[in-house]
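No lab work stands behind these numbers, since they all come straight from the coordinates. Only a predicted model underlies this, so the values are computations on that prediction, with no experimental measurement involved. Don't worry about glycine lacking a Cβ; one is built from the backbone with ideal geometry, like all the others, and counts go over all protein chains shown.
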Amino acid sequence: MVALVKTNYRDEPFFDEVVAEHPDFPRLIALKIDVQRRGVSYTDRAQSATDPEIHQLRSPYIFGSRDGEIKALPESLLLRDGTTILTDPTPLDQEPYIVDYVDHRFVLIDCGEIVEAVDLWPKPAYYGKMTSSGLPMSHIVTARPQRLNVFQSSFCYFWAEDKGCKFCDIVTHTKQQREELGVPNRLRPDDVRETVAEAIKEPGRFTNLCLTAGSVIKGSRLFDREVEFYFELLQAIGENFRTKKFPSQLIASAFDEEQLARLYEHTGLTSYTSDLEVLGEEQFDWLCPGKAKWVGYKEWRERLIRAVDIFGRGNVGTGLVGGVELARPHGFKTEKEALASTLAEAEYLAERGVTTVYIVWVPRPGSALHDQKAPSLDYFIRLAQGLQDLRVKYDLRIDFDDYRRCGNHPDSDLARLQ
């Protein structure tokens with residue numbers, strides 16, 4: 001058994017102490033948050049018990065890991081209630097949870113004690129197969145337990161002017177993947193069509209597709225080139241389905257109404273997300289300088305609201321990097337202040353049919369905020385409950401980002417309980 005001494009977290013209450021303060025909040029979702037917040041490290045015993053024939057190993061992803069390396073480690077974890085945890089391999093000096101293999105099962109360990117039994121993600125049947133052009137299908141479409149991810153490109157044009165989002169490592173990571181794995185700069189529609197066709201042969205495995213990439217500001221109008229890339233991919237994917245529409249989510253830039261109408265009317269797309277990343281104009285301008293320059297906070301927000309007229313209430317969303325609103329030096333000074341401001345802005349959107357979800361902020365080594373620390377578990381629990389309460393209040397669905405289809409949002413995991 002690995003004995004840990006708390007260092008980075010020694011000034012915080014222990015997990016069970018925090019959970020005791022929230023008796024109505026599900027313990028396993030709180031654990032998911034904390035594992036995402038702190039990361040994981042796999043013991044040699046856990047790595048030896050990992051079977052590449054049945055377990056999904058880490059595949060190309062749009063963002064990098066906390067250890068800054070690309071290794072053949074397990075993709076991630078499942079809790080016993082089916083909750084998906086997306087988490088990164090994390091250096092031991094950052095005090096992660098430990099994944100070990102004890103008594104013929106994988107377990108999470110903290111401070112030398114077993115916290116919970118876990119499973120590794122099952123390997124999709126199409127992983128290891130090749131496209132007609134000779135590329136590994138796992139490099140074209142990556143899998144979560146019940147979702148297919150299409151990362152059209154990992155380059156973001158905001159970085160070209162040194163205005164990338166401060167929490168993001170998308171460009172530094174894409175360079176690493178290109179050099180070490182040979183991942184293409186941009187996906188070819190035919191490769192994506194072939195891979196999706198192969199993936200959906202596995203009965204009952206996948207329930208939707210998600211497309212995302214970095215922002216592309218080029219074109220006759222802002223984002224026209226980005227829209228065209230997605231249009232081509234969605235058209236190609238649609239060849240695999242007999243119906244006009246198929247369960248799908250696009251996470252993209254803040255497109256205007258004409259661009260969105262084209263995507264909705266002429267492809268199978270069913271939901272649209274455009275991430276504000278942080279709620280509040282002052283925080284947005286500091287943390288997302290490229291988005292602030294080219295669109296601006298208020299216009300980005302209004303484009304989300306106008307998208308509801310095209311996709312319908314509950315089919316339009318925005319994502320937050322939860323906790324980054326407390327980053328130094330310009331973030332909120334207290335968690336109480338940050339929570340109140342964020343939920344007030346989220347309610348403004350909810351009233352107008354836009355749902356808000358968050359991911360747990362992970363200070364990544366390739367980002368400008370690499371040397372900082374995410375807020376407390378207590379904060380993330382309160383944020384998750386607050387966002388879910390808003391969806392209940394305004395009767396907003398979260399189907400395209402629920403616990404089965406996405407698994408990256410602790411707040412949307414709560415939706416299955418209400």
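Between residue 106 and residues 5 or more places away or on another chain, which pairs have amide H atoms under 5 Å apart, with H built 1.01 Å from N, and which residues are they?
118
Can you put 373, 71, 166, 291 in order, fewest other beta carbons within 10 Å first? Before the final figure, lay out the partial values.
On the way: 373 17, 71 11, 166 20, 291 26.
Fewest to most other Cβ atoms nearby, the residues stand as 71, 373, 166, 291.
In the structure displayed, which of 129/291; 166/333; 71/245; 201/291 lie more than 28 Å apart, Cα to Cα?
Values: 129/291 38 Å; 166/333 18 Å; 71/245 37 Å; 201/291 39 Å.
Table pairs above 28 Å Cα-Cα are 129/291; 71/245; 201/291.
Please work out how much length the chain gains when fully extended from residue 44 to residue 125, using 0.36 nm per residue of separation minus the C-alpha to C-alpha distance, in nm with one decimal.
Full-extension gain reported as 26.5 nm.
Taking other Cβ within 10 Å of each residue's Cβ, how do 169, 413, 399, 190 sort, fewest first? Display every interim value, and only then the final one.
On the way: 169 24, 413 28, 399 17, 190 13.
Arranged by neighbour count, lowest to highest, 169, 413, 399, 190 become 190, 399, 169, 413.
Based on the Cβ-Cβ distance of residue 20 and residue 132, what FRET efficiency does E = 1/(1 + (r/R0)^6) give at R0 = 56 Å, to the nearest 0.05? Let's see the in-between values first.
Working: r = 56 Å, r/R0 = 1.00.
After rounding, the FRET efficiency stands at 0.50.
As I understand it, the dipole of the chain uses +1 on the Cβ of Lys and Arg and -1 on the Cβ of Asp and Glu, about the Cα centre. Which of 366, 260, 89 lies farthest toward its positive end?
Working it through, the farthest residue towards the positive pole turns out to be 260.
So for each of 53-59, 34-40 I average, over its residues, the number of other beta carbons within 10 Å; can you give me the resulting order with the highest mean first?
So the order, starting with the most tightly packed, is 34-40, 53-59.
Divide the volume of the convex hull of the Cα atoms of the chain by its number of residues and quote the answer in cubic angstrom per residue.
Here the figure is 135 Å³ per residue.
So how do 277, 232, 21 line up by other beta-carbon neighbours within 10 Å, fewest first?
Arranged by neighbour count, lowest to highest, 277, 232, 21 become 21, 232, 277.
Where the centre of each part is set by its Cα atoms, how far does the stretch 333-359 sit from the stretch 249-285, in angstrom?
Between the Cα centre of the stretch 333-359 and that of the stretch 249-285, the gap is 18 Å.
When the Karplus curve 6.51 cos²θ - 1.76 cosθ + 1.60 is applied with θ = phi - 60°, which whole-Hz ³J(HN,Hα) does each residue of the stretch 78-95 get, with x for Gly and Pro?
Working through the residues one at a time gives 10, 8, 5, 8, x, 5, 8, 10, 9, 8, 10, x, 9, x, 4, 6, 9, 6 Hz.
Using a simple charge model, +1 on the beta-carbon of Lys and Arg, -1 on the beta-carbon of Asp and Glu, nothing else, what dipole does the stretch 15-120 show about its Cα centre, in debye to the nearest 20?
Around 320 debye, computed over the stretch 15-120.
At a Förster radius of 56 Å, what calculated FRET efficiency corresponds to the Cβ-Cβ distance of residue 302 and residue 11, to the nearest 0.05? Provide the component values of the computation, followed by the final result.
Values: r = 41 Å, r/R0 = 0.74.
FRET efficiency, residue 302 to residue 11: 0.85.
Can you compute the radius of gyration and Dmax for the stretch 39-156, using only the Cα atoms, both in Å?
For the stretch 39-156, the Cα radius of gyration and maximum Cα-Cα distance read 14.9, 49 Å.
Using a ≥ b ≥ c from the Cα gyration tensor of the stretch 285-341 (square roots of the eigenvalues), is it rounded, prolate or oblate, where a/c under 1.5 gives rounded and otherwise the larger of a/b and b/c decides, a/b for prolate?
Since a/c reaches 1.5 but b/c is at least a/b, the shape of the stretch 285-341 is classed as oblate.
For the chain, what does -39500 (n - 2.57) per DSSP helix run (n ≥ 4), summed and divided by total residues, give at 222 nm, in deg cm²/dmol to the nearest 500?
-10000 deg cm²/dmol
Defining a contact as two alpha carbons under 8 Å apart and six or more residues distant in sequence, what relative contact order in percent does the chain show?
16 percent
Considering Cα pairs under 8 angstrom that are at least six residues apart, work out the relative contact order of the stretch 68-153 and quote it in whole percent.
Details: 95 pairs, mean separation 17.1, N = 86.
It rounds to 20 percent for the stretch 68-153.
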